[in-house]
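This report concerns only the one structure given below.
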Amino acid sequence: MDFSIIIGLLLFIALVYYFYQAYTSQKNKKRIVDLLAVGVILWVAPKLSTYINKEPFEVSGILIFAYGWGIFIIEKFWEGFDGKK
């Protein structure tokens, strides 16, 4: 039996649980979720960089930029959507 699959599944469940707990936080919810997301990106970037033959900092920078850009686009969408009502 391959324990790396079980360990990976447990880590995934733990990450989902941490994000769920962050969303139930009363104070600094967005900041906590953002820091968790950046932490996951920095954790995954070196592993991902071996598959795409790029430097880990370059991969993490692109992923963090894409995460921030996605948050910005979603917030602007909801601002425009709420403004039309």
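No lab work stands behind these numbers, since they all come straight from the coordinates. Because the structure is predicted, anything quoted here is derived from the model rather than measured. Because the Cβ atoms are built from the backbone with ideal geometry, glycine has one as well, and the counts that use them run over all protein chains shown.
Checked across segment 27-49, the condition of being without any contact (Cβ under 8 Å) to a residue 24 or more places away in the chain, surrounded by fewer than 10 Cβ atoms within 10 Å (Cβ to Cβ) and assigned to a helix (DSSP H, G or I) holds for no residue. No other residue among Tyr67, Tyr23, Tyr17 is surrounded by 12 or more Cβ atoms within 10 Å (Cβ to Cβ) and of a type in the set (Ser, Thr, Tyr) apart from Tyr67. Within segment 4-26, being closer than 23 Å to Gly68 by Cβ and in a helix (DSSP H, G or I) holds for Leu15, Val16, Tyr18, Phe19, Tyr20, Gln21, Ala22, Tyr23.
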